Amino acid sequence: MAKITIDDKVIEYSGNPNLIELAKENGIDIPHFCYHPALTISGNCRMCLVEVGTLCKNQQTGEYEKDDKGNIKVNFMPKPQPGCYQQVSDGMVIRTNSERIIEARKGVLEFTLANHPLDCPVCDQAGECVLQDYSFQYGFSRSQFIEKKRTYKKNEISPVLTQEMNRCIHCDRCARFTTEIAGESSFARTWRGNKMELSVLPGGTITHNYQGNMADICPVGALTITDFRFKSRVWFLNYGVTLCTSCGKGCSVMTSHKKGKVFRLKPVYNEKVNTYWMCDHGRLRYRFLNESRKSGHSAGGKKANFQSALSLAAEILKASKNIGVIASAKESLETCMVLSRFFREVAPTAHVDYRVDDAQVRDDRSLRPGELLRAKDPYPNSFGAREAGLLPGQGGATAIDILGAPEKFDAVVLFIDDHIIEAGDRLGNMSKAKNLIVLSPFESSLDSTAAVSFATRAYSETSGTYINIDGIRQKYCPVLPPLGDARDSWDILNQLSGLMGKSFGLDSIGKIRSHFKLGD
Amino acid sequence: MPEKRIILDKIEDKHSPNIDFYRGNGGYEALKKALTQMSPSQILDEMKASNLRGRGGAGFPVGVKWSFINRTFPGPKYLICNADEGEPGTFKDREILQKKPHIMIEGMIIGAYVMGLDAGYIYIRGEFYEPIQAVDKAIREAYDAGILGKDIMGSGFSFDLYTYRGAGAYICGEESSLINSLEGKRGLPRLRPPFPAQVGLYGRPSTVNNVESFSAVPSIINNGGKWYAGLGTPKSGGTKLFSISGHVNRPGVYEIPMGTPWTELFNDMAGGVKDGKKLKAVIPGGSSTPVLRPEELDGMTMDYESVQSKGSMLGSGAVIVLDETTDMVKLLYRILHFYAHESCGQCTPCREGCDWYYDIISRIRHGKGRLEDLDLFERLAKNIGPNTICAFGDAFTTPALSFTRKFRDEFVEYIKNGNK
């Protein structure tokens, strides 16, 4: 196996690895701004400079030349080389921490900072700013730059992003992202030299759905997400990884939250699903987790404790012969399994369906045209709902049928999710339903007309599994505490099964997973 | 040694741009010889024997560069002529382009034949309006005469040639940014490796040479590499064009053998300092090369090694002569203004460093300098040249350092007593 020495550490490698990545895997940080594993190499920031040496070989004998102490001599290249662009070869010797490199790094940082406004106190990037980190770690504490700093005219570049060119270090990640990943030639370097600007090209606009990523990969505060500006200092936020539920793709996301409120979503690297990115649509839909949330149950429009709501629901279901069930593919695979079993064994009905969206009806698992990640299906778990069998039985009504004429049923069990609320008039007829049982994390006008309305936990407050449009199963864990008395949907169904005399005994997510053989 | 005109032979004749005149004086004979009597490897041997070093400034041996191209590599391969003569002080290529374009075209076709290249591009700086007209006309004439296009002179070898107008960026004289510019991209230098010989224009193997380098080729074919090498010094073969400007009596382009003493070029050809003034300094190879004081010129001959031994560079042969009235502070101010304007802005040390240097010299020039600014030049330079993608970083720190070191008292005077 080929070997390379980085800072006296011998590392084995295979293939043709990137030096920065190889070093990172082995616990050595080569600082960089412009390099990004998903983008082409630009080599412009000069921060990742390393010393590159090769072992001295005697031309005649083919043996390695040794010094007095018996160590093999190393020939270092006269100039430091960019680590991002260094072709790794067997026997190579890399120094990332020699005096020369530390000097070079300091020198580069001095230039990077020369025209940087150092306005960290008012910059949203502070705390997660690469330039800030490196300045602490590698930089000078004082600048000898006494000239007037460069300033740019402020430009509105898009509603999603706020650009502050004065902070820009011209690493070109945003422009490379736009052309290489988003496939749009709207944003690029303009002007030249010290006046170089990253800007929307004349007459163009940024229209792609992935602009937030430009802010994510911006190593400084030159591009920030308008929505998050001045909302919170990042070090006051708590972080948790979960899944995005805004479409069938199921991108991995980092939720930033404080005092039970979500402030933003950021993509988390997930090799199989979204790699480094997520779409703006999903990114900005975190808001529904903060708005009109339900913390307690109600019966007949009045607050009710959980037990009384539960027994009322059990009575209704026992008494009803003809039950319509509109499930939701926002619910986890575990819930869907319990739900499916419930309406087969406890309160049998053929009128069960999860398909409230056209894409679900068509079982469309494709992406929207021109999109990198966003699926046509707005639900994260349609695949799971289908696998759980939440489809109408023989002669059963579809979800669309039930939504159209709910009064035909003795009782209707309705899952209300953020998508169906957003879709507008879908629920228009539901007030006509007799014996409506609602399960939802959100408040709605139906709470007043429903016979029973349960507060359920939103996906960010519970665990479960989603199966995305590509059939990939992804588990998620709670990142926020549940609101008030909100319960998991599977918990409600499990307790109902007990009250109705056919107890499942599935009172934990682990039991559900093992019962339905969903894995751990 | 007097002027020896090989490339500039008969250039004073008003018909010298025409193909008939050129052919009437032995033009395209070398091409004929190359295509009919010589194999590519024979020509390559002659080129290597000639000691012809690239005339764009770096002085890389042309024969060696040509041998980097793998003739048998499948698919199209390109030849590029760098006619983006942008170094302040250089105006030798313009002379060839405008008055004797056929000698360059002939050299290019021979080069293409040696390396097995399919098409050539002449990248001409946008400001060269008349030279572009002349080259375009020459290319048309060559096509009409069967010297370009399919089956050149019945040899079976085909080669197409095009001109491309640059937009006037200094950096596009750097070969990899020239290639980017030719491709329609921003003129930013590329990271190397790969070098153009592997991945060049449109990702294909390519060779880039200077106008003057190509123009030297026909005489090498006609007379042999040894003959050409014999004209110059052991390490720098042949003749070289020098564009001498500034405070001299007869500025202009002179073709002299490599190794000609500086005094001959300066006194005998250019006629010495204008108006009987005293010589103050000489920039021997274009604005980016270190300035030399008169005492450093003693015994200097005009070839790569000798100029280098004096601590400067021959560069593109752009000799700028400065007399005693020259204000070195204002001159450096002007030079750094040029470089600050021309930095491509791609990599950090150069983008930020250029303007920083310019800001510093502006302050000094306007009487607001500090003594530590001179040390700042020194300190910053250590982190510019070695850390940048291309040689532009060295191109602007070099004059700054050599000016402030060799004429420190003038800078100190400005700093202490202001601009008088």
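The values are calculated or read from the model by the stated rules, or taken from the named source; none is laboratory data. This is a predicted model, so every value here is computed, not measured. Positions of Cβ are backbone-derived with ideal geometry, glycine not excepted, and every protein chain shown enters the neighbour counts. We work out accessible area using only protein heavy atoms, side chains counted, and drop any ligands, DNA or RNA first. Shrake-Rupley method; radii C 1.70, N 1.55, O 1.52, S 1.80 Å.
Numbers at a glance
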item	result
For region A:279-422, projected area of the alpha-carbon convex hull averaged over all directions, nm²	9.8 nm²
Calculated P(r) of region B:239-323 - Cα pairs past 21 Å, %	14 percent
Proximal lysines to residue A:517, defined as alpha-carbon separation beneath 24 angstrom and excluding residues fewer than eight positions away on the same chain	A:249, A:272, A:330, A:475, A:502
Difference of contour (0.36 nm per residue) and Cα-Cα distance, residue B:413 to residue B:160	85.3 nm
FRET efficiency estimate (nearest 0.05) - Cβ-Cβ, residue B:45 to residue B:70, R0 25 angstrom	0.90
Using alpha carbons only: equivalent-ellipsoid semi-axes of chain B, gyration tensor based, whole Å	38, 24, 18
Accessible carbon and sulfur surface of chain A relative to its total accessible area, %, 1.4 Å	50 percent
Placed amide H near residue A:253: partners under 5 Å, 5+ positions off or other chain	A:242, A:243, A:244, A:268
Farthest toward positive dipole pole in the protein assembly as shown [+1 Lys/Arg, -1 Asp/Glu at C-beta], among A:405, B:325, A:123	A:405
Two-decimal Rg/Rh across region B:328-417, once Rg and the Kirkwood Rh are taken from alpha-carbon atoms	0.95
Surface share of carbon and sulfur [accessible, 1.4 angstrom probe, percent] for region B:47-121	55 percent
Value of Rg/Rh across region A:447-520 [Cα atoms, Kirkwood radius]	1.01
Total charge dipole magnitude, chain A, about the Cα centre, Cβ charges on Lys, Arg, Asp, Glu only, Debye to nearest 20	740 debye
Positive-end extreme of charge dipole, region B:19-231 - chosen from B:91, B:105, B:64 (charges on Cβ)	B:64
Per-peptide average of other Cβ atoms within 10 Å, ordering A:219-228, A:80-89 highest first	A:219-228, A:80-89
Inter-chain Cβ neighbour average for residues B:372-379, partner chain, 10 Å	1
Summed buried accessible area for B+A [probe radius 1.4 Å, Å², rounded to 100]	3000 Å²
Neighbour cut-off at most 12 other Cβ (10 Å), DSSP loop, chymotrypsin sites (Phe, Trp or Tyr not before Pro), region A:116-208	A:140, A:191
Inter-label distance for residue A:232 and residue A:295, nm, one decimal - labels placed 7 Å from Cα along Cα-to-Cβ	1.7 nm
Shielded by partner chains, region A:24-47 residues - at least 40 Å² of accessible area, 1.4 Å probe, vs chain alone	A:44, A:46
Cross-link reach list, lysines versus residue A:9, counting only Cα pairs under 16 Å and skipping chain neighbours closer than eight places	A:24
Accessible area in square angstrom per residue, the protein assembly as shown, 1.4 angstrom probe	40 Å²
Charged-residue dipole, Cβ positions (Lys, Arg, Asp, Glu), region B:328-417 about Cα centre, Debye nearest 20	180 debye
Residues of region B:387-401 buried by at least 40 Å² on assembly (accessible area, 1.4 Å probe, chain alone as reference)	B:387
Among beta bridges that DSSP assigns inside the protein assembly as shown, antiparallel share in %, nearest 5	60 percent
Region B:19-231, dipole about Cα centre (Lys/Arg Cβ +1, Asp/Glu Cβ -1), debye to the nearest 20	440 debye
Peptides B:29-37, A:272-280 ordered by average Cβ neighbours within 10 Å, highest first	A:272-280, B:29-37
Exercise: per-residue mean of other protein chain Cβ atoms within 10 Å, A:196-202	1
Size descriptor, Kirkwood hydrodynamic radius, that averages inverse alpha-carbon separations across the protein assembly as shown, Å	33.1 Å
Residue mean of other protein chain beta carbons inside 10 Å, A:104-112	6
Beta bridges by DSSP in chain A, antiparallel share as percent, to the nearest 5	70 percent
Modelled FRET efficiency - R0 30 Å, residue A:79 with residue A:148, Cβ distances, 0.05 increments	0.40
Viscosity 1.002 mPa s, temperature 20 °C, Stokes-Einstein D of chain A from Kirkwood C-alpha radius, µm²/s	81 µm²/s
Calculated FRET value between residue A:477 and residue A:207, using beta carbons and R₀ = 25 Å, to 0.05	0.10
Highest to lowest packing among A:8-14, B:382-388, scored as the average C-beta count within 10 Å	B:382-388, A:8-14
